[in-house]
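Heads up, the thing below is written out as structure tokens.
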Amino acid sequence: MLLPRVHKSNSNAFWNMSKRSLQMKSKIFHYRAGTLFNQKHAIHFKVSTSLQCPLCQQADSALHILSGCQHTIISSMIIERHNVACRLIMKAISKGSLAGCLVHLDAGSTNHVAQQNLQILEHANNRTISSWIFGSFIC
């Protein structure tokens, strides 16, 4: 069972995040409780007749909404959320004793990094990975 291993103060820390709006905290709670409104709920409340995401026509769910929708706008938002998280991690690492270990960071453009006042170490490479690199891994 997972419950005895949960760090209770970290698990519920989102409630005490002053920079998060009550609306965002509510969405987090609904996601965790399985009550985030999606097509399954829309059918239950007779608002829709389809289980498909109205944007990309894939099967809809809370997980799909938060990280799986391939619609262009949603996908861009997910990528930027990833990049912001990477930049926050970079900021935390750069303040600690392991700052010199940072070698490569895929956290978006150099401009976005600069907007958050992050210093890139001289030996660190901050560039998005070129698409040509992935071409050689296609099976």
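Miscellaneous remarks
- Debye log10 I(q)/I(0) for the range 16-70, one point scatterer per Cα, at q = 0.12, 0.22, 0.26 Å⁻¹: -0.32, -0.85, -1.01
- Residues of the range 70-100 with amide N under 19 Å of a point placed 7 Å along Cα→Cβ from residue 9: none
- Phi-derived couplings, Karplus 6.51 cos²θ - 1.76 cosθ + 1.60 at θ = phi - 60°, listed residue by residue for the range 48-60: 8, 10, 10, 8, 7, 4, x, 8, 10, 6, 8, 4, 8 Hz, with x used for Gly and Pro.
- Extension gain from residue 97 to residue 48, taking 0.36 nm per residue of separation minus the Cα-Cα distance: 12.3 nm
- Subtracting the Cα-Cα distance of residue 73 and residue 55 from 0.36 nm times their residue separation leaves 5.5 nm of extension gain.
- Spatial separation of Cα centroids for the range 1-52 and the range 53-95, in angstrom: 16 Å
- By the rule of a C-alpha distance below 18 Å, with chain neighbours fewer than 8 residues away ignored, the lysines paired with residue 27 are 19, 40.
Every number here is computed from the coordinates shown, using simple stated rules; none is lab data. Small disclaimer: the values here were computed from a predicted structure and weren't measured. When we count neighbours, we look across all protein chains shown, and the Cβ atoms used for this are built from the backbone with ideal geometry, even at glycine.
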